[in-house]
Amino acid sequence: MSFTERRSAGVPSELRERNLKTIIDVVFRYQPVSRTNIAKLTGISKPTVSKLVGLLMSENYIVKTGKTSSGLGKRQELLSFNPEKAFVISVDVGLATTIVAKVDLSMKMTNKCEIKTSESPERFASELVDCLSDFCGAGKESPASVVISVPGLVRSDLRTAINVPLLHWTDLPLAELVEERLRLNGIVCGVSINNDSKLGVLAEVALNKDIPDSFSNIVYVLVKEGVGVGLYINGSLYVGSNHIAGEFGHMSIDPKGPECSCGRRGCWLTMVGSRELDGFIRENRLEDYIELFSVGLMNIVNGLDPNLVVISGALEQYWERVLPSLRAKLKSIALFDQSSMEIMKSALDDREGPIFGGALMVLRKYLDIETGVL
Ligand SMILES: [Zn+2]
């Protein structure tokens, strides 16, 4: 009997699939985790959890990784995804360097290399594939997927980069280019691309255990050479109708401000990127930077009314000084009492966020397809 047949035996399939998806998400977030905790965290009954986890174990997607430490009560088996079962290659493209990482199903980064980012797409694809081929072993194990995070706009089919201004990439069929290179190297594997902030918010929501499950509206701000925003609205990733939602970096803060790559002037990202932050720091003017940063952030917060703002990237190194000042500035210009809105720094750094977000996205899809949820 196939996994799909056994999985659906005797239970309405829609409910079972929803339960399976929920369990998969909880294992990603809390692994290693016991069956009792999966039941507690999902609200799914213990017998159902045991049955579905049993199916995932019978196919080796989930394995035992130890027992809870002794205390009162019985020690319980801890479960994780099987690192041997599958891996993906997750890539984060930056202006200067590109990080290529091998991430296994248990969400461990087991290999990583950094290459210089080439503006020439052909050269970029060839250097990327050379680097990731080394991770596939002498036996040429194929990754389940390759996912590439870029600092720019991506078409909703997740194949084409519409615009990556820092690298002058426009309407670039990046996924196809890398797939072709992979084939030449004997690796048959699908490639997808996505925007770095969208992947960053995905990782934060799925993996940061400090974020309460009840928070369903989260704004993620990634401060690198530019500023990107990832949105998690009403409990899911929000991408808009053309997959470009979150381009708040191009909010005009000052119509007479510096020229932006979009052709307009005074966009928020031209004033609060990491290079601008360095400039303010050199002049000992962090407060002025925070002023500009909070003007843009307040516009987003007023428009979206989130439970939480997560900040990742360049600002994190000055966090002890940034947080109280940012809170005070936001309070002074708030439309209403937003004291319940939390601000925290990212649990992952500005490169790891998009890398784990990308890995998570494609590993979830792999599991959905392999276990018949889709
Ligand atoms: Zn702009």
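Derivation of every value follows stated rules applied to the coordinates shown; laboratory data play no part. What you see is a predicted model; the values in this text were computed from it and never measured. Note: ideal-geometry Cβ built from the backbone for every residue, glycine included; neighbour counts use all protein chains shown.
Observations, loosely collected:
- Among SER156, SER294, SER50: highest mean-square fluctuation, GNM of the chain, C-alpha pairs under 10 Å: SER50
- Most simply put, the chain has about 65% antiparallel DSSP beta bridges, counting only bridges with both residues inside it.
- The HN-Hα couplings worked out from phi for the range 351-364 by the Karplus form 6.51 cos²θ - 1.76 cosθ + 1.60 (θ = phi - 60°) are 9, 5, x, x, 5, 6, x, x, 4, 4, 4, 7, 6, 4 Hz, whole numbers, x standing for Gly and Pro.
- Counted charge near ASP196, where neighbours are those whose Cβ lies closer than 14 Å (Asp, Glu -1; Lys, Arg +1): -4
- Here the label points at LYS345 and ARG282, each 7 Å from Cα along the C-beta direction, are separated by 2.3 nm in the simple model.
- With neighbour counts taken as other beta-carbon atoms within 10 Å, the residues SER120, SER80 rank, fewest first, as SER120, SER80.
- Three-way shape label, the chain, alpha-carbon gyration tensor, a/c 1.5: oblate
- The chain, helix-only ellipticity at 222 nm - DSSP H runs n ≥ 4, -39,500 (n - 2.57), divided by all residues, nearest 500: -12500 deg cm²/dmol
- Between the range 273-311 and the range 20-50, the Cα center-to-center distance that results, in Å: 38
- For MET251, residues with placed amide H under 5 Å, excluding near neighbours: TRP268, LEU269
- Between ASP130 and ASN60, the distance separating the two model label sites (each 7 Å from Cα on the Cα→Cβ line) works out to 3.4 nm.
- Across the range 200-209, coupling constants 3J(HN,Hα) worked out from phi with the 6.51/-1.76/1.60 Karplus curve, θ = phi - 60°, read x, 5, 4, 5, 4, 5, 7, 10, 7, 6 Hz, and Gly and Pro carry x.
- Set LYS209/LYS345; LYS21/LYS365; LYS108/LYS198; LYS40/LYS209 screened for pairs whose C-alpha atoms are more than 18 Å apart: LYS108/LYS198
- Cut-off under 5 Å, modelled amide H: who pairs with THR117 long-range: THR97, THR98
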